Amino acid sequence: MYEIDFPHAGPHPGVVVTREEAIPVLGSVTIALVTSNRRDHPAEVSLDDDGLDLRAGSVINCDDLATLPKSMVGKSRGYLSPGKLRELNGALAIALGLD
């Protein structure tokens, strides 16, 4: 998870969802927005109490993806656990209609 300078939301936490192997050769990466505007939708991943210094009730919203220049990706805010990464994979599949 990183601090991202989103054009439509300003500085916000976000999760890079571009596959690791592609990042070094790309000029942009795809980001999922982290928000406290929970909708309780299956394309969201709850981040409650994960030690990531976020607002209570924050979620990764996989319906809100943006491809941004790597220069907009700021400092690291922490890492998702293996379990949260599995949840993220499932939520991305739902959001993209791949399930």
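Is segment 48-56 home to any residue that is part of a strand (DSSP E or B) and at pLDDT below 95? There is no residue in segment 48-56 that is part of a strand (DSSP E or B) and at pLDDT below 95.
Restricting attention to segment 15-41, the residues that are modelled with pLDDT of 95 or more and closer than 12 Å to V59 by Cβ add up to 2.
The set of residues from segment 46-87 being surrounded by 18 or more Cβ atoms within 10 Å (Cβ to Cβ), among the aliphatic types (A, V, I, L, M), out of contact with any Ser or Thr (no Cβ under 6 Å at 6 or more places or on another chain) and closer than 11 Å to V15 by Cα comprises I60, V73.
Of note, I60 satisfies the criterion of being under 11 Å from the mean Cα position of the chain (by Cα) and among the β-branched types (V, I, T).
Residue-wise test of (1) of a type in the set (K, R); (2) in contact with a helix residue (DSSP H, G or I) (Cβ under 6 Å, 6 or more places away or on another chain); (3) on the phi > 0 side of the Ramachandran plot.
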site: G14; (1), (2), (3): no, no, no
site: T18; (1), (2), (3): no, no, no
site: G27; (1), (2), (3): no, no, no
site: T30; (1), (2), (3): no, no, no
site: N37; (1), (2), (3): no, no, no
site: D53; (1), (2), (3): no, no, yes
site: R77; (1), (2), (3): yes, no, no
site: K84; (1), (2), (3): yes, no, no
site: L98; (1), (2), (3): no, no, no
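Total residues in segment 1-29 satisfying the condition of being closer than 14 Å to L54 by Cβ and not hydrophobic (A, V, I, L, M, F, W, C): the figure is 6. Only one of the numbered conditions (1) of a type in the set (D, E, K, R); (2) in contact (Cβ under 8 Å) with a residue 24 or more places away in the chain; (3) touching a Gly at 6+ places or on another chain (Cβ under 6 Å) is violated by R38, and that is (2).
The values are calculated or read from the model by the stated rules, or taken from the named source; none is laboratory data. Predicted model only: the values in this text are computed from it and were never measured. Quick reminder, even Gly has a Cβ in these numbers, built from the backbone with ideal geometry, and neighbours come from all protein chains shown.
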